[in-house]
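Reviewing the structure listed below.
The values are calculated or read from the model by the stated rules, or taken from the named source; none is laboratory data. Note that the structure is predicted; figures quoted are calculated from it, not measured. With ideal geometry, Cβ positions are generated from the backbone for all residues, glycine too; neighbour counts draw on all protein chains shown. Just so you know, the surface numbers come from the protein's heavy atoms only, side chains and all, with ligands and any DNA or RNA stripped out. Shrake-Rupley method; radii C 1.70, N 1.55, O 1.52, S 1.80 Å.
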Amino acid sequence: MRAPGWLNLSAGPEAVAIGGGRALRLLRAQEVLEARREAEGLAQEGRERALCRNACLLARALVRRGKPVYGSGAAVLEALTVEQIQALAGQWAAFSKEADPGLESGKEWVDALKKAWSTRRRSGCGGVCCEPSGPCRLRNGWEGCASGTTSGAR
């Protein structure tokens with residue numbers, strides 16, 4: 001059974017297993033910046049930038065028993081094919097987005113979070129009453145609640 005989305009916001013996984021004893025872990029903002037800077041040093045042309053960035057990102061994100069599998073982006077480029085780098089980078093991007101949806105979340109997801117976090121009153125008074133015991137009784141119109149507040153129009 002999967003945890004609801006609102007619970008994942010504060011208790012998401014730090015890494016996702018990808019097989020072979022390896023896992024992709026989430027990166028801190030500083031690590032992402034470092035990967036971009038390393039990639040700028042590796043890329044000789046603009047067309048190479050995306051591949052180098054993905055390789056440098058994987059050098060930091062791909063771990064086995066908590067330790068990096070590759071020491072640098074250059075090591076990733078030497079060891080893996082372009083297709084493998086793209087596939088792993090895609091897995092990491094999907095995992096990262098699921099773990100930290102950020103501001104690009106869809107409206108449906110945000111609405112589900114709002115509903116899950118809702119603290120609305122469950123009484124028939126629409127939250128006007130201060131008595132949590134139950135709804136106001138209906139008898140020839142709305143009656144006042146125990147607090148003396150009416151739940152109908154004033």
**Fill in**
Within the stretch 59-68, residues being outside any helix (DSSP H, G or I), at negative phi and open to solvent by 30 Å² or more (accessible area, probe 1.4 Å) number 3
**the stretch 8-42, residues that are at pLDDT below 90, touching a helix residue (DSSP H, G or I) at 6+ places or on another chain (Cβ under 9 Å) and among the small types (G, A, S)** = G12, A15
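Conditions (1) surrounded by fewer than 18 Cβ atoms within 10 Å (Cβ to Cβ); (2) of a type in the set (D, E, K, R); (3) part of a loop (DSSP other than H, G, I, E, B), marked per residue:
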| residue | (1), (2), (3) |
| --- | --- |
| Q30 | yes, no, no |
| A35 | no, no, no |
| E38 | no, yes, no |
| Q44 | yes, no, yes |
| E48 | yes, yes, no |
| R53 | no, yes, no |
| L57 | no, no, no |
| Y70 | no, no, yes |
| L77 | no, no, no |
**Message:** For a quick check of your reading of the model, give me the residue pairs whose first member lies in the stretch 35-50 and is under 18 Å from W92 (Cβ atoms), whose second is basic (K, R) and surrounded by 11 or more Cβ atoms within 10 Å (Cβ to Cβ), with beta-carbon atoms closer than 8 Å and at least 6 apart or on different chains.
**Reply:** A35/R53; A35/R60; R36/R53; A39/R49; A39/R53
**Prompt:** Mind checking whether some residue in the stretch 106-119 is in contact with a strand residue (DSSP E or B) (Cβ under 8 Å, 6 or more places away or on another chain), part of a helix (DSSP H, G or I) and either at pLDDT 55 or above or exposed (fewer than 10 other Cβ atoms within 10 Å of the Cβ) (or both)?
**Reply:** no
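Are any of the residues in the stretch 60-68 touching a residue at least 60 places away in the same chain (Cβ under 8 Å) and closer than 19 Å to T81 by Cα?
no
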